[in-house]
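Written below as structure tokens is the structure these notes are about.
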Amino acid sequence: DVGILDNMVRRHWDTKLGVNTLTPITPIQKRLQRWHDLTGKHIDLYVGDITDYSFLSQTLRQFEPESVVHFGEQRSAPYSMIDREHAVFTQVNNVVGTLNILYAMKEDFPDCHLVKLGTMGEYGTPNIDIEEGYIEIEHNGRKDLLPYPKQPGSFYHLSKVHDSHNIHFACKIWGLRATDLNQGVVYGVLTEETGMDEMLINRLDYDGVFGTALNRFCIQAAVGHPLTVYGKGGQTRAFLDIRDTVRCVDLAVRNPADAGQFRVF
């Protein structure tokens, strides 16, 4: 059984920025009805904001989740760097929303598994290999397994670092179980499910604020626009097909972390 909790703010940001998805997005209620028509499966919809704790708590009690897949954040680094207002909004929305989820789990669903979308951007670009969440360090003759040092490059990426620290701490003191999925740049639009019908198609953002690199480059190449490479263009990153993103989430949900474990992939 699946439920969606969303505050529907994404399209509002598009309107304020004067941009739009290339693929038209049908209202969520119509998409859910189409999904039901095609599959016979029902998806619950709860419209509200996770920074509103009373709403969040009431919703989770109503749905009684075994897993929470948390994508409810402002996800754009450029958006977070526009000005003070956008930086503050990004951090309040992301950090407070995640902290509210942790408290709601502690209060009512201590065995629930949190699957949180992190980002490889938390690590920055260190000159050593990036390990999965933790690194063994030897210093002055002693060793310890410590969280891998973070060097984020935007207020958005910093909010994700704060999330990771808060989740790690909550797992340690409350015995919660959580998995942090630090993914790279995602590309593509269709999954097996969204490809079933036009009304289920995902966003394709190609603007400079929300358009991820490979999607944006493909659109620019198609219309003959010079590729908008940032900085010196020398950074290398792994790219992840959106279908593999879904598989990562599915694997994490089907194989939850242990109680008290903050697991990082």
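Descriptive notes on the structure:
- For region 50-76 and region 167-237, distance of Cα centres in Å: 22 Å
- Length gained when the stretch Gln151-Asp37 is fully extended (0.36 nm per residue, less Cα-Cα span): 36.4 nm
- Residue-count net charge about Val246 - beta-carbon cut-off 12 Å; Lys, Arg +1, Asp, Glu -1: -3
- Under 9 Å, Cβ to Cβ, from Leu22 - net charge with Lys/Arg +1 and Asp/Glu -1: 0
- Where only DSSP H runs of four or more residues are counted, the chain gives -11500 deg cm²/dmol as its mean residue ellipticity at 222 nm, each run worth -39500 (n - 2.57).
- Protein accessible area in region 2-264, 1.4 Å probe - carbon and sulfur %: 54 percent
- For Val161, the shell of other residues with beta-carbons less than 14 Å away shows a net charge of -1, using +1 for Lys and Arg and -1 for Asp and Glu.
- Rounded to the nearest 0.05, the FRET efficiency derived from the C-beta distance between Thr23 and Tyr46 at R0 = 35 Å is 0.90.
- With all protein chains kept in place, the per residue accessible area of the chain amounts to 58 square angstrom at a probe of 1.4 angstrom.
- Across the chain, the mean sequence separation of Cα contacts (distance under 8 Å, 6 or more residues apart), normalised by length, yields a relative contact order of 23 percent.
- Label selected from (i) 233; (ii) 147; (iii) 217, the criterion being volume of the Cα convex hull per residue in Å³ as computed here: (ii)
- Span-like helix ranges in the chain, DSSP H, alpha carbon extent 20 angstrom or more, Kyte mean at least -1.0: 155-174
- Peptides 151-163, 211-223, 101-113 ordered by average Cβ neighbours within 10 Å, highest first: 151-163, 101-113, 211-223
- Across Lys16/Lys160; Lys30/Lys116; Lys30/Lys106; Lys143/Lys172; Lys16/Lys172, pairs whose alpha-carbon gap is larger than 30 Å: Lys30/Lys106; Lys16/Lys172
- Relative packing of peptides 21-27, 170-176 - highest average C-beta neighbours within 10 Å first: 170-176, 21-27
- Antiparallel content of DSSP bridges confined to region 2-264, in %, to 5: 25 percent
- What you get for the chain, charging only the Cβ of Lys and Arg (+1) and of Asp and Glu (-1), is a dipole of about 520 debye around the Cα centre.
- Among Gly18, Gly40, Gly231: highest mean-square fluctuation, GNM of the chain, C-alpha pairs under 10 Å: Gly231
The values are calculated or read from the model by the stated rules, or taken from the named source; none is laboratory data. From a predicted model like this one, the values you see are computed outputs, not experimental measurements. Neighbour counts are summed over all protein chains in view; Cβ atoms, including those assigned to glycine, are modelled from backbone coordinates with ideal geometry. Keep in mind that these areas ignore ligands, DNA and RNA; they rest on the heavy atoms of the full protein, side chains included. Shrake-Rupley method; radii C 1.70, N 1.55, O 1.52, S 1.80 Å.
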